[in-house]
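Here the structure is laid out as structure tokens; the discussion comes afterwards.
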Amino acid sequence: MLALLGELHWKRGEPAVAKRYWEQALELEPQKAKTLSNLALACWIEGQRQRAVELWREATRSPEAPAETWVNLARAYEQLGETARARRVYRELLGREDADPAHRQQARERLRSLGEGLMNDPS
């Protein structure tokens, strides 16, 4: 319920309120990947870059983590100038069986833009 309230406030354009709800939700379910990912995004927007990266990394440890978690983590690494880490995260995303085609394509495109050609890539 708290995580849903966080999402509601996020959609209303109230990231600080959303963040508080997500933090409370994580006190009850500390390993909830979607909540970790949502909180990470709110932290990133507030300028808490290191905390955001740590939360996204923690979220990616869960098999339930949504694919955008990997995309957000990789983009964060790119913005922080950590290209090797960004590449690794994009490759991890490509290795996930549950990643949808749009996220896979996004990972391929970012890897190409980071100078990494993909062998046997049909797209």
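What the table below lists for this structure:
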read-out: Qualifying positions in segment 61-84 - surrounded by fewer than 20 Cβ atoms within 10 Å (Cβ to Cβ) and among the β-branched types (Val, Ile, Thr); value: THR83
read-out: Positions within segment 21-57 being of a type in the set (S, T, N, Q) and either under 19 Å from LEU4 (Cβ atoms) or at pLDDT below 95 (or both), in sequence order; value: GLN24, GLN31, THR35, SER37, ASN38
read-out: Subset of segment 20-50 (residues that are over 14 Å from TRP10 (Cα atoms), in a helix (DSSP H, G or I) and polar (S, T, N, Q)); value: GLN24, GLN50
read-out: Enumeration of residues in segment 82-110 that are acidic (Asp, Glu) and part of a loop (DSSP other than H, G, I, E, B); value: GLU82, GLU97, ASP98, ASP100
read-out: Single residue of segment 34-58 satisfying the filter (more than 13 Å from ASN72 (Cα to Cα) and in contact (Cβ under 8 Å) with a residue 24 or more places away in the chain) that is surrounded by the fewest Cβ atoms within 10 Å (Cβ to Cβ); value: GLU46
read-out: Residue match in segment 72-81 (condition: assigned to a loop (DSSP other than H, G, I, E, B), out of contact with any helix residue (DSSP H, G or I) (no Cβ under 8 Å at 6 or more places or on another chain) and closer than 21 Å to GLU109 by Cβ); value: yes
read-out: Out of ALA86, ALA59, sole residue that is within 27 Å of PRO15 (Cα to Cα), small (Gly, Ala, Ser), assigned by TED's automatic domain parsing to the domain that holds HIS9 and in contact with a helix residue (DSSP H, G or I) (Cβ under 7 Å, 6 or more places away or on another chain); value: ALA59
read-out: Among the candidates ARG112, ARG87, ARG108, ARG104, residue that is over 28 Å from GLU23 (Cα atoms), modelled with pLDDT of 90 or more, crowded, with 16+ Cβ neighbours inside 10 Å and more than 15 Å from the chain's Cα centre (by Cα); value: ARG108
read-out: Neighbours by Cβ (under 9 Å, 6+ apart or cross-chain): first from segment 81-102, farther than 20 Å from VAL53 by Cα; second exposed (fewer than 11 other Cβ atoms within 10 Å of the Cβ); value: ASP98/PRO63
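The values are calculated or read from the model by the stated rules, or taken from the named source; none is laboratory data. Fair warning: this is a prediction, and the values are worked out from it, not measured in the lab. Backbone-built Cβ (ideal geometry, glycine too); neighbour counts: all protein chains shown.
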